[in-house]
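What follows is calculated from the coordinates using simple rules that are stated; it is not laboratory data. Only a predicted model underlies this, so the values are computations on that prediction, with no experimental measurement involved. Here the Cβ positions follow ideal geometry from the backbone for every residue, glycine too, while neighbour counts run over all protein chains shown.
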């Protein structure tokens, strides 16, 4: 992010069918089982969903944030294996070039990756993909 204005140097377009192949390539390199663990309703997520002191919207937001951070952690843990695929996907959905993304500061790149994972379209893609596994 621009350190002076805190303005993000990227925006994302709506995801489309052509984004499935690059996302699948990244998921394949990481392993789908790693991602399915993020969506299991055990442990922390089960506690969140049972919390009667919060509104449904608050619970959904908290659960979504936990899942987004788990997915980001998995992606970053396997970053070296799929760096070029991640750069290409982010470049395609943001309109930036691979070079521009590769030259971002680590903080800006991490924020971009997290923002991408938190997109509604991204979550919807995973919900449908996980339905196929059930």
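Of note:
- Footprinting exposure proxy for 30, 62 (fewest neighbouring C-beta atoms within 10 Å first): 62, 30
- Modelled FRET efficiency - R0 35 Å, residue 77 with residue 52, Cβ distances, 0.05 increments: 0.55
- Separation in nanometres of the label points that stand 7 Å from Cα toward Cβ, at residue 119 and residue 88: 1.7 nm
- The peptide list 84-91, 115-122, put in order of mean Cβ contacts within 10 Å with the highest first, becomes 84-91, 115-122.
- Simple label model, 7 Å out from Cα along Cβ direction - residue 98 to residue 12, nm: 2.1 nm
- Gain in span if fully extended, residue 69 to residue 110, counting 0.36 nm per residue against the direct Cα distance: 13.7 nm
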